[in-house]
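The values are calculated or read from the model by the stated rules, or taken from the named source; none is laboratory data. As the structure is a computational prediction, the values presented were derived from the model and not from experiment. Here Cβ is always computed from backbone atoms with ideal geometry, including for glycine, and neighbour counts include all displayed protein chains.
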Amino acid sequence: MSELSPAVTDEAVAKKKLWIFIACAYGIPAIITIFMIIGRKMETDLSAIVSAQMMTPALGVIMGKLICRKKDEKMQVGTYILYVVLTALMLIGGMIVALIPAKTVTISGQSMSMGALICQLPLIILSPVITAFFLLGKKEQREESGLGWKNTGMSIFMIALFLVLYFVRAFGTTIISDLISGTSTLGDQLKGLVTLQAILSLVSVGMSLPLSCIAFFGEEYGWRYYLQPIMLDKFGKRKGILLLGLVWAFWHINICYFYYSPQTGTMMFLAQIITCVSIAIFFGYGYIKSKNMWVPILMHFFNNNLIPFLNGGDASVIEDQTVTAHDILVHLIISLIFAAFIFSPVFSDKKKEA
């Protein structure tokens with residue numbers, strides 16, 4: 001019997017990895033949704049299970065690597081397994097907490113159950129360990145994982161550019177909303193940034209970076225490192241990055257309906273589509289320009305963790321939001337500052353002539 005050609009074998013492995021990714025990134029959240037529905041009816045804390053869902057895209061990539069590993073392939077097997085263990089602990093803990101009402105505590109302006117707080121302990125302990133292992137592994141292992149730190153100058157520039165545009169989007173949202181509705185809330189928003197609670201929330205951002213960074217790796221390693229090249233190669237760069245944003249938004253659908261905005265879930269999902277498409281464009285741009293996987297990871301970290309600071313230190317704004325048509329319109333307009341990067345040459349399918 002003749003052996004399959006390397007090309008055929010590689011294609012079969014790629015398909016297998018894709019199905020493993022889909023099973024983890026979408027199959028596990030489908031199961032999580034059941035627990036979210038029950039937890040919402042019981043009025044339990046869903047924050048732990050939402051955090052656990054963030055880990056599933058990278059889990060899909062890592063499981064694909066481990067299952068399809070070649071004998072001579074050098075990879076950080078121990079670190080990958082440690083990530084799988086952490087994800088399993090967070091998933092099990094999140095599911096248990098979603099089913100059990102518990103006493104609530106408030107930390108840095110965010111209310112959570114004691115169970116959810118306990119569920120954060122594996123992440124707090126293992127996040128800096130896993131991050132260090134990925135960054136400090138042997139050269140060939142870092143190349144295999146795509147997680148070596150590269151191009152420091154461009155990486156810092158891209159993160160700084162994101163932060164500038166992030167604050168422009170935040171204040172621009174308020175300004176546009178005021179112009180449309182005839183209100184004047186920008187002053188109150190600016191005053192809220194200098195309160196003690198806001199300052200403490202900003203300090204906590206820096207402190208939480210090493211303790212929670214791997215959760216944002218959980219999403220970005222799936223969407224940017226793994227799926228982005230596949231989508232851009234299959235559909236073309238501009239269409240591919242737009243479709244990636246839609247795929248990413250759909251992954252949030254259960255969180256939109258049962259955590260972010262149970263009362264206005266459909267409107268929240270529309271807002272999430274706008275967010276994911278525009279942010280996918282800029283995160284993708286930053287990753288392509290820097291060739292550094294840690295750039296979108298850090299962008300995603302700041303994108304999520306600066307929200308309490310912009311709301312006067314109130315972390316509760318993330319959950320149980322009410323989204324209106326007015327909010328959607330404003331969000332659509334201001335998100336163009338990130339979406340505009342789709343016209344960058346990095347997303348052009350035209351090949352440069354030699």
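One table, with the values for the structure above:
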quantity	calculated
Residues of region 338-354 satisfying the condition of being hydroxyl-bearing (Ser, Thr, Tyr) and at pLDDT below 95	Ser348
Residue check, Ser335 among the polar types (S, T, N, Q), modelled with pLDDT of 95 or more, more than 23 Å from Trp149 (Cβ to Cβ) and touching a Gly at 6+ places or on another chain (Cβ under 8 Å)	no
Test: residue in region 255-262 that is modelled with pLDDT of 95 or more, in contact with a helix residue (DSSP H, G or I) (Cβ under 8 Å, 6 or more places away or on another chain), assigned to a helix (DSSP H, G or I) and of a type in the set (S, T, N, Q)	no
Failed item, numbered, when Ser145 is tested on (1) over 25 Å from Ala340 (Cα atoms); (2) modelled with pLDDT of 90 or more; (3) surrounded by fewer than 17 Cβ atoms within 10 Å (Cβ to Cβ); (4) among the polar types (S, T, N, Q)	(3)
Residue within region 268-277 that is under 24 Å from Met158 (Cβ atoms) and not in a helix (DSSP H, G or I) present	no
Residue check for Thr195: farther than 30 Å from Arg142 by Cβ and in contact with a His (Cβ under 9 Å, 6 or more places away or on another chain)	no
Qualifying residue in region 92-101 (condition: touching a helix residue (DSSP H, G or I) at 6+ places or on another chain (Cβ under 8 Å), crowded, with 24+ Cβ neighbours inside 10 Å and more than 23 Å from Pro210 (Cα to Cα))	yes
Residue match in region 310-321 (condition: within 30 Å of Trp149 (Cα to Cα) and buried (at least 20 other Cβ atoms within 10 Å of the Cβ))	yes
First in region 61-72 and within 13 Å of Glu144 (Cβ to Cβ), second anywhere and of a type outside the set (Val, Ile, Thr) and exposed (fewer than 14 other Cβ atoms within 10 Å of the Cβ), Cβ under 7 Å, 6 or more apart	Cys68/Lys16
Residue ranges of helices (runs of 4 or more DSSP H) in region 38-154 with at least 1 members more than 30 Å from Ser290 (Cβ to Cβ)	47-53, 77-99, 114-136
Qualifying residue in region 194-214 (condition: surrounded by fewer than 15 Cβ atoms within 10 Å (Cβ to Cβ) and not in a helix (DSSP H, G or I))	yes
Those residues of region 278-297 which are surrounded by 21 or more Cβ atoms within 10 Å (Cβ to Cβ), outside any loop (DSSP other than H, G, I, E, B) and either modelled with pLDDT under 95 or not β-branched (Val, Ile, Thr) (or both), in sequence order	Ser278, Ala280, Phe282, Phe283, Gly284, Tyr285, Gly286, Tyr287, Ser290, Trp294, Pro296
Enumeration of residues in region 32-59 that are within 26 Å of Lys17 (Cβ to Cβ), polar (S, T, N, Q) and crowded, with 22+ Cβ neighbours inside 10 Å	Gln53, Thr56
Contacts under 6 angstrom Cβ, first residue in region 310-337 being more than 26 Å from Leu161 (Cβ to Cβ) and part of a loop (DSSP other than H, G, I, E, B), partner among the small types (Gly, Ala, Ser) and at pLDDT 95 or above, 6 or more apart	Gln321/Ser261; Val323/Ser261; Val323/Ala271
